[in-house]
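Notes for the one structure printed next.
The values are calculated or read from the model by the stated rules, or taken from the named source; none is laboratory data. The model shown is predicted, which means the values in this text are computed figures rather than measured ones. Cβ sites come from the backbone with ideal geometry, for glycine too, and all protein chains shown count toward neighbours.
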């Protein structure tokens with residue numbers, strides 16, 4: 001089984017670089033740094049990449065045998081969202097962001113993974129929603145690494161105080177400016 005441990009470092013126009021394999025994965029699996037899977041050819045492959053990296057369609061990887069492998073976004077069931085006005089689209093994006101939903105932002109449209117509840121929500125916001133199949137390339141954001149929700153416990157941003165007693169006393173500890181020299 002070949003291993004893929006590194007990205008292929010190239011200026012993004014890989015002239016003269018011969019792609020020797022394709023790795024087609026849905027977005028969920030393109031977030032994983034450890035994965036046993038297979039190339040489009042059926043050849044088994046193990047991903048052992050640095051943690052915290054998301055593979056995007058078009059990315060090039062270097063296999064342990066020296067081959068360059070291209071990442072391909074697998075078509076997924078998505079909702080393609082359009083609104084009559086830019087403000088309408090912004091409101092739709094706001095509601096999706098509030099729910100920590102991965103969102104692909106395009107020129108005049110949003111795309112999210114197919115979901116009946118969100119589809120109803122968007123239609124309630126007067127968005128036009130079309131079901132499509134396409135590779136999913138959402139914005140990088142806080143939802144990446146969705147396996148760990150510990151950072152979001154409490155649900156408030158500490159820098160902006162809350163209604164807990166003692167917030168004012170602790171305020172200096174949250175400051176990133178150190179006054180002692």
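Condition test on residue 71, is it in contact with a helix residue (DSSP H, G or I) (Cβ under 9 Å, 6 or more places away or on another chain), touching a residue at least 12 places away in the same chain (Cβ under 8 Å) and assigned to a loop (DSSP other than H, G, I, E, B)? Talk me through it step by step, then tell me what you get.
Values: in contact with a helix residue (DSSP H, G or I) (Cβ under 9 Å, 6 or more places away or on another chain): yes; touching a residue at least 12 places away in the same chain (Cβ under 8 Å): yes; assigned to a loop (DSSP other than H, G, I, E, B): no.
So residue 71 does not fit the description; no.
Taking segment 17-28 as the region of interest, how many residues are within 17 Å of the chain's Cα centre (by Cα) and in contact (Cβ under 8 Å) with a residue 24 or more places away in the chain? Walk me through how you get there before you give the answer.
As a first pass, look at segment 17-28 and keep what is within 17 Å of the chain's Cα centre (by Cα): 24-28.
Keeping just the survivors that are in contact (Cβ under 8 Å) with a residue 24 or more places away in the chain gives 24-27.
Qualifying residue count, segment 17-28: 4.
Name the residues in segment 118-150 that are over 13 Å from the mean Cα position of the chain (by Cα), farther than 25 Å from residue 87 by Cβ and at pLDDT 95 or above, would you?
Scanning segment 118-150 gives 133, 134.
With 55, 62 as the choices, which residue is under 15 Å from residue 6 (Cα atoms), in a strand (DSSP E or B) and in contact (Cβ under 8 Å) with a residue 12 or more places away in the chain? Steps first, please.
Details: 55 fails: in a strand (DSSP E or B).
The unique qualifying residue is 62.
Inside segment 30-50, can you point out the residues that are within 21 Å of residue 140 (Cβ to Cβ), in contact (Cβ under 8 Å) with a residue 40 or more places away in the chain and either in contact with a strand residue (DSSP E or B) (Cβ under 6 Å, 6 or more places away or on another chain) or surrounded by fewer than 13 Cβ atoms within 10 Å (Cβ to Cβ) (or both)?
47
State the number of residues belonging to segment 54-83 that are at negative phi and out of contact with any strand residue (DSSP E or B) (no Cβ under 8 Å at 6 or more places or on another chain).
Looking only at that region, the number is 1.
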